[in-house]
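Please read the structure below before turning to the comments.
The values are calculated or read from the model by the stated rules, or taken from the named source; none is laboratory data. Predicted model only: the values in this text are computed from it and were never measured. When we count neighbours, we look across all protein chains shown, and the Cβ atoms used for this are built from the backbone with ideal geometry, even at glycine.
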């Protein structure tokens, strides 16, 4: 038998593992470890799935033409600049293969765990630059120092940054387009920001063949079980990726749901309204608990510095309250000094605040 520590997940959302710690069913776990929209899945997605059940009798269109056209309309791009994928995770694999052709890949650390998986697959050399200052809690080193031979290297950034929730401005990212051979921006959480404050570089892709943007449709629309993401890049790059990968990476029901939610303006507005209020409530509540210091951010999750080990808090919350938070042991730069929590509905946020207050 393997111990629970050896089985500790490196991603959030593993309710099966959490249930073994809590001695409860997976369905009873209140999951703050996965940063998924708690309002969804939207009714538009459910209706689209139900309407397309007969599509299960047929293979999907291997080119995903209709979905790409819908995404092109959404972003005001021609569809050949878009490639649908089995979540951002699949697309990161092809990012890793392209980056492996360069001398090194630059990351801001701590970095999303799956970046290392994709880069290691193709033996990429990784150069890490710290985003968090070790001296001051709220000091971020968002200015990348001079990188030697940057024109021979790539850079992979998520914006907003995971796990800190820090938002890089467009202006701060623009110089990288001239300095690096390949710039990959993972915008998986960008749609949680209302349009007027987003800092996306999607509109720059047609004029920069060295720019790749990754987007997710499963986090904002609460569809992680369907696995749906997409890349925006030069058509020649995307054609190369298409030739590398397995056929039919995106299932027919994911295509139907994806096309429907892109048109769901009401759900999009509901999400932006919910997040602004709920994030403030959760951040304020956590900051009032002795020993906890949430970092300011713009995303639908909070990185929290803790005086009590994050893994201990995780275990006690599961055993006492059936609440799952994300420890940061998979981020070597953070370790047990931090934990991460998703922003959920206000009554759920309050349940977490109350449970952590009892442990302080």
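Points to keep in mind about this one:
- Filter result for residue 36 (part of a helix (DSSP H, G or I) and either touching a residue at least 60 places away in the same chain (Cβ under 8 Å) or not assigned by TED's automatic domain parsing to the domain that holds residue 255 (or both)): no
- Every listed requirement among (1) in contact (Cβ under 8 Å) with a residue 24 or more places away in the chain; (2) surrounded by fewer than 19 Cβ atoms within 10 Å (Cβ to Cβ); (3) more than 23 Å from the chain's Cα centre (by Cα) is met by residue 317 save one, (2).
- Members of region 312-332 that are closer than 16 Å to residue 301 by Cβ and either in a loop (DSSP other than H, G, I, E, B) or assigned by TED's automatic domain parsing to the domain that holds residue 164 (or both): 325, 330, 331
- Complete set of residues in region 290-311 that are under 14 Å from the mean Cα position of the chain (by Cα) and either over 16 Å from residue 32 (Cα atoms) or without any contact (Cβ under 8 Å) to a residue 24 or more places away in the chain (or both): 298
- Qualifying residue in region 248-256 (condition: within 19 Å of the chain's Cα centre (by Cα), touching a residue at least 24 places away in the same chain (Cβ under 8 Å) and either surrounded by 18 or more Cβ atoms within 10 Å (Cβ to Cβ) or not in a helix (DSSP H, G or I) (or both)): yes
- For residue 129, the criteria (1) at pLDDT 95 or above; (2) in a strand (DSSP E or B) hold in every case but one, which is (1).
- Of all residues in region 329-347 being surrounded by fewer than 23 Cβ atoms within 10 Å (Cβ to Cβ) and under 18 Å from residue 287 (Cβ atoms), the one that is modelled with the highest pLDDT: 346
- Test: residue 209 is within 27 Å of residue 31 (Cβ to Cβ), assigned to a loop (DSSP other than H, G, I, E, B) and either in contact with a helix residue (DSSP H, G or I) (Cβ under 9 Å, 6 or more places away or on another chain) or not assigned by TED's automatic domain parsing to the domain that holds residue 279 (or both): no
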